[in-house]
Amino acid sequence: MDAKSLQLLEYPRIRERLADLTAFPPSRRLAEAMEPSNEPLVVNRLLDETDEARRLIAERPELGIGGARDLAPALIRATRGGRLDPAELVAVAETLAAAGRLADGLRNVTAPLLHALSREVHPLPALRIRLEQSIDPSGEILDSASPLLGGLRRAVRIALERLRSRLDQLVHGELGSAIQEPIVTVRNGRYVIPVRADARGRVRGIVHDQSGSGQTLFVEPIVAVELGNAWREAQLKVQSEEERILDELSGLVAAAAGELRETLDALARFDLWMARARLSAELDGVRAEASPSGEVILLSARHPGLTGRVVPIDLRLGGEFRALVITGPNTGGKTVALRTLGLLAAMHQSGLHLPAATGSRMPVFRDLFADIGDEQSVAQSLSTFSGHLRSIVRIVDRAGPGCLVLLDELGAGTDPTEGSALAQALLDHFLQAGALVIATTHYAELKIYAHNTPQARNASVEFDLESLSPTYRLTIGLPGTSQAFAIAERLGLPPALVADARARVSRSAVELEETLAAIKAAQGRIDEAEARASDAEVRAREARRVAEEERRRARAERDAAVAEARREAEAAVAAIGEEIAAARGLLARQTLTEAGLDATIERLEALLAGMPVPTGEEVALPAGAWRTGMMARSAAGWTGRIASIDAERGRATLEAGQLRIEVPLAELVTAEGAAPAPGKPGSGRLPAGRRGSLEPIPLPQPRTPAPVIGARPSSRAVPSTLDLRGARVEEALALLDDLLDRAGLAGAARLTVIHGHGTGALRDAVRALLSKHPLVREWRPGAQGEGGDGATIVTL
């Protein structure tokens, strides 16, 4: 992507911020070299890596590459045959230990990219153990590094003890009067004693040094030279063995250099993924959805470089319009909006999450161009206009389909008339080239351009005139105003000067600004109303959800109660059957007495009294269980007494007052009064004084129909015939109107209304209602076989 534009958008700051979140130099180098990609597949892969890393941080926050070191220089020297020092070998061991911990941690991770990355991590346990056995964490070569080293070091210690012991004897014995101090010290790697200069002749030996005053000579006595030589030879043997060990270990590292490089690269990439995830968490970022159509949708987007109270913006581009002209006062946030979009586009194409709300969408741009800020230069003889134009010339040559162009203060720095004309020409060019473009300006001509161009839209940043401070909110659809007069007046410019300035503005410009202000105020009221409506909708959905949960719970409780009642009823019926069978057996044997019959009846009554009676609950019964006289409710909501049952057709006639309606038996459920409580009329219990008689028992009177209005009924659930004979006109019209409503909701096509002949008043009232009802297409009297003039056929 265009490097200069990324610099203007402050993309390097994001790289630096990401680099600070890495854990060791190789991953930091990757972060510092990060560049946006213009390949959709690469961008999607980068975002997948960030997603998996963020989930891993949430699930395994302790997992990382702690202890890993940058081995690149050591590997280069080792592969060239060089010797690694102990510190470098310790770094290799610690890096392999970190690799082992990471490989163990990723072993059971199901995320595909992390799982694949774990296969590139090679802990090399054999090499790590060999290094740990040879060198301790402080960099000291251990005696266990080779079979010889321990013995050689013991020989050094023995030789040193002999040397020091002999020197101590000389200092405290035969040479005691010749020495300056009774000590043994080291000069030039040899053990010496301090001898007075005036006693030099008394001590035979080699002078290695003298004091600053010349009064003391540091002499290695001749009798100790051989012991010193023996000690030095032992040291050289140890040194030689240690160098051999380092060469051997360096060779082992060189032999594993390929796997070590792959491991180092995997650790660096893993740490970079984790750094991107940590940056996402810091920014409270989300993954922007892909936008193959090229449309930009940013919701509650925030510039990642802003601190303190940041006002988020919503921005759309690339759907119905491909150019956006932002106007408004200075310091109102126009340039921040440009930088926010440009920087977030670059971050998205670098695999970073965006500081925005869920639902934001970003395309993958082929290139990104920005002209932001003032590039005037005295040294280069560039004015503000020239500086802008030089950048724009570069953009014009390169921008095309799939590009995003961001232009700050387009056309500024020159004559307003020529500058606005040039700005309009540039916007037309970028639109024709197929790019998406956003420009900020103060020119009224560009507001008109955006209003009249189908592919362009106006946008504005808001300004609070009371506090003289910007709100930073971006509004798409309306141009903004510079508010120069209002700001000048509030800042103390004399009112006369402000009034004079206003008078110099053309009337059309004043009217335009007033109209824009009125439209903006109306838009604000609309937005508030929409917010209130949205809030009410949310509350209504929540209330509906609660109601549905209550309804499901009530249904579950009802079903459980019905099942329990059915079990109890079946047990009672079985007991009744046994009593009846026993009574029949006594009758067959002609041994049933009146007292025995009374006892049997009492037992049956007790069983009947104990049977469950549903009250207020609707229960569907088998078709054969319905009887005339029972109260029932149809699926369409009609409630009444069953007047007749046609078992062959599977239909029943419900009767309520003088009204009758035919419905399918399969759709009936019990209604209140269908099974009265024991001991009351209609319960089915044998009353006292009627022993041995099974005469019909009177049932309670039916109530008036109570149709249920609620959810949309199916066309099958709405009756196709309505019998109004015997009903009063007002009652009949109410029932007809209700049926028409439910039939319309159910999508029924035709109804038959039976009103009879009579005086004709009911017929005329019915047809008058049908003539003006909005759901009725037409009606006609019934034909022969359809009831004649005693019925009306309705087409909905």
Q) At a Förster distance of 51 Å, what's the computed FRET efficiency of E120 paired with I206, Cβ-Cβ distance as r, to 0.05? A) 0.25
Q | Surface accessible to a 1.4 Å probe, I476 within the full protein complex, Å² | A | 60 Å²
Q) With every protein chain in place, what's the accessible area of L56 (1.4 Å probe, Å², nearest 10)? A) 10 Å²
(Q) Explain nothing, just the number: relative contact order of the chain, from Cα pairs under 8 Å at least 6 residues apart, as a whole percent. (A) 9 percent
**Q.** Mean ellipticity per residue at 222 nm, deg cm²/dmol - from DSSP H runs of n ≥ 4 across the chain, formula -39500 (n - 2.57)
**A.** -16000 deg cm²/dmol
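How many lysine pairs are close in the chain, with Cα atoms under 28 Å apart and the two 8 or more places apart or on different chains?
4
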(Q) Can you tell me the length gained on complete extension of the stretch T471 to D104, counting 0.36 nm per residue apart and subtracting the Cα distance? (A) 127.0 nm
Q) Between L142 and S177, what FRET efficiency comes out of the Förster formula 1/(1 + (r/R0)^6) with R0 = 60 Å and r the beta carbon distance, rounded to 0.05? A) 0.85
Q: Name the shape class, rounded, prolate or oblate, that the alpha-carbon gyration tensor gives for the chain, where a ≥ b ≥ c are the square roots of its eigenvalues, rounded holds for a/c under 1.5, and otherwise prolate holds if a/b is larger than b/c and oblate otherwise.
A: oblate
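For region 11-129, just say rounded, prolate or oblate: build the C-alpha gyration tensor, square-root its eigenvalues into a ≥ b ≥ c, call rounded for a/c under 1.5, and beyond that prolate if a/b exceeds b/c, oblate if not. The partial results should precede the final answer.
On the way: a/c = 2.08, a/b = 1.39, b/c = 1.49.
Here region 11-129 falls in the oblate category.
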Q) Using a basic spin-label model with each label point 7 Å from the Cα along Cα→Cβ, how many nm lie between R552 and A501? A) 6.4 nm
Q. For the pair D198 and I129, how long in nm is the line joining their label points, each one 7 Å along Cα→Cβ?
A. 6.9 nm
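Label region 30-98 by shape, choosing from rounded, prolate and oblate, from the square roots a ≥ b ≥ c of the eigenvalues of the Cα gyration tensor; if a/c is under 1.5 it is rounded, and otherwise prolate applies when a/b is larger than b/c, oblate when it is not.
On the way: a/c = 4.19, a/b = 1.68, b/c = 2.49.
Cα axes put region 30-98 in the oblate bin.
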Q: Rank these by accessible area, largest first, 1.4 Å probe: K772, K4.
A: K772, K4
Q) Once fully extended, how much extra length lies between T307 and R649, figured as 0.36 nm per residue of separation less the alpha-carbon to alpha-carbon distance? A) 115.3 nm
Q | Contact order relative to length of region 167-310, as percent, for alpha carbon pairs under 8 angstrom and 6 or more apart | A | 12 percent
(Q) Sort L621, L426, L740 by heavy-atom solvent-accessible area, probe 1.4 angstrom, most to least. (A) L621, L426, L740
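The values are calculated or read from the model by the stated rules, or taken from the named source; none is laboratory data. All values reported here derive from a predicted model rather than from experimental measurement. Please note: Cβ atoms are built from the backbone with ideal geometry, for glycine as well, and neighbour counts cover all protein chains shown. Ligands, DNA and RNA are excluded from the accessible area calculation, which covers all protein heavy atoms including side chains. Shrake-Rupley method; radii C 1.70, N 1.55, O 1.52, S 1.80 Å.
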